[in-house]
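Visitor: This is the structure, below, for whatever I ask next.
The values are calculated or read from the model by the stated rules, or taken from the named source; none is laboratory data. In this text, all values refer to a predicted model and were calculated from it rather than measured experimentally. Just the protein is used for accessible areas: all its heavy atoms, side chains included, with ligands, DNA and RNA removed. Shrake-Rupley method; radii C 1.70, N 1.55, O 1.52, S 1.80 Å.
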Amino acid sequence: MEPSSSKKTAMKRKTFTKKKKNATKKGVNKKRRTSSKGNVALKTASSATAAADKSKKAKIKASSIKSNKNSATTTANKKNQNNSPTYYIQFSRVFQRHVVYNAKAATTTPAANDQVIQSFQFLDDAITSYPKARIVAPRDVPFPPPLCTIDWTLLSLSSSSAAVAAAGYNKIEEECETTIAGMGLFGLCELEYDADNNHVHNRNGKYPVDTTTTTTISDGNNAKQQQQQHDVQSNEALRTLLKLVSSSSSSVIPRHFFRLDHRRFALGGHTPESITINHARVVSLLSRARDGGSSSSIGLAMSSSDVAFVLSNFPQLCLYDTLELETFIRFLLAPLPPSNIPSITIVADTGVGGEKVDWPRLAYEGYGVGLSLEQATKAMRLMPELMALYYEDSRKPSVGYLYTQLQQQINVMSPQLCDEVKMQLGQFLEGADFSDTLTLGYLYGYLGISWKKLRLLLSAFPLWTTNNLDPGWEILQRGPVRSSLKRHSLDYLRQRLQIRPSDVYKMIKTHTRLSTYDAATKILPTLDKLQRSLGLRNSELRQLILRMPSVIGMGTSEKDGGKPSAFDQRLDFFQNEGKDCLQLVTFTLLCPI
């Protein structure tokens, strides 16, 4: 008697469930098992599948072992690299970042083609990641500044004001003037200067500072003689520079006055010979591509009249290190990075996250913003200040002059174009001078540089934007504020905290009295005391000041009669009576948003 159809269905389900369980236990592919016919075929298929699975597992295991081995090797290499004696940290003025280099195996002396490992906005972050790396002075500061030859400890103990004046320098003002972006509590006197590389600097015509003796109270005459020597040398170098950049054409009139003082020349060890050598190099760099130079050489294609115009209006170029200028021009002309790098794509599309991109590393790998030679040449011809490597040199001509010249020459500047520039690049232009808007409008409207490339340029080069010194009605109505903001104070805030003009603008809106503070007498001492007393890193100090800029106004100097300052009183209270509260406040202020 045959079973009913319902019983047949139940038996089939039972058999199917049993086969499924066996297949799961043995790890055999279901398709292979159901498609096999007969015991021989099943055995052959099973053995082939087992062999394939075994081979696959072996490959996975080998790949895993190789991956683990590579990971361990990478970790070991990174650990060894961080402790490598050939690593050194040097500040890049082009990107305003502290770059970790790997010197050549044969020598530990910094060279032009040293490998770029990584870069950081702040020096203390670079030291933490590479604790064994040497901290080398920037390329354009080849010798210790004259300030570093003075024993300030002994001078401060002296009651004689004549002994202090004999040195000819004010320590706080000099530290403020010579600060480097992101250095924090470090100063130029704490950096390493390569004494074995003097022959290179002498070949460039630079004169080293005499550091064989340290200036103290007892040898004040020696300090005065050194000061006079540097003054004579600086004056001769300045006269040589002005003679080289002065144009014989009466039509070439400088657009605005520039600042060239003794400090700039003494800091770089400039002499008439070094100025002459550097001037020839800069002229070659600006014009070497005009006659179709070699493909390996980097430069612009300016005519001789264009070179004369640029140097007469921006002679500071002759004080810069030509290797830094070559890096800048190479980045302009190098092709864009691959589109598969998310961080670059985000910056190009939105302008957000530029501080997290390792621009020096990208430049070392041969990437840039992909400008044509004609675009780069015309941009630098119109606005030489775009090549500035110092904050004090980055200020562009007045808005009236610039707007008139652009209208006469290219007739493309219109209110509609300016509005479009602000809409596309607003995050970079808030709090910036209107001359920056006009310059970017020229780059987009006349030279055809895309918005994406402009966002990359503004993110890579912080000096392309400058603070607006006109407070505007929005700040004026909030409280006491200067009619014209102190540019040096704002520039120092940008360097110390590595921030944009938009951040400075927001800080002044929150605390308007910030516009009245002097960099040397108020901002620098207060930030130093805050960072030392609270043990803050540079990035933590930036977070604190951005969230609460009013702390800069807190008094840090002792009052008459030896009474502690307001800052010391508050800190003493929190350290002795409110430890838990201090930890909570610190956590609240410094935790990321």
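Visitor: Quick one: how many Å² of T178 are accessible to a 1.4 Å probe, rounded to 10?
Guide: Near enough 20 Å² of accessible area.
Visitor: Just list whichever of K171/K506; K171/K206; K396/K422; K422/K453 have alpha carbons separated by over 20 Å in the model shown.
Guide: The answer is K171/K506; K171/K206.
Visitor: Please tell me the relative contact order of region 395-513 in percent, rounded to the nearest whole number, where contacts are Cα pairs under 8 Å and at least six residues apart.
Guide: Computed value for region 395-513: 26 percent relative contact order.
Visitor: I would also like to ask the following. Ordering W359, W451, W473 by how much accessible area each has at a 1.4 Å probe, largest first, what is the list?
Guide: Order by accessible area, largest first: W473, W451, W359.
Visitor: On to the next question. Report K396's accessible area, 1.4 Å probe, all protein chains in place, as a number in Å² to the nearest 10.
Guide: 10 Å²
Visitor: Something else: Using only the Cα atoms of region 332-381, each taken as one equal point scatterer with no solvent, compute I(q) by the Debye sum, divide by I(0), and report log10 of the ratio at q = 0.29, 0.32 Å⁻¹.
Guide: Results for region 332-381 at q = 0.29, 0.32 Å⁻¹ read -1.10, -1.16.
Visitor: Averaged per residue, what accessible area in Å² does region 307-418 show with a 1.4 Å probe, protein chains only?
Guide: I get 38 Å² per residue for this part.
Visitor: Could you tell me what % of all Cα pairs in region 302-403 have separations over 16 Å?
Guide: Taking all Cα-Cα pairs of region 302-403, the fraction more than 16 Å apart is 65 percent.
Visitor: Right, another one. Would you mind listing how long region 479-569 runs along its three principal axes, going by Cα atoms, in whole Å with the largest first?
Guide: 39, 30, 20
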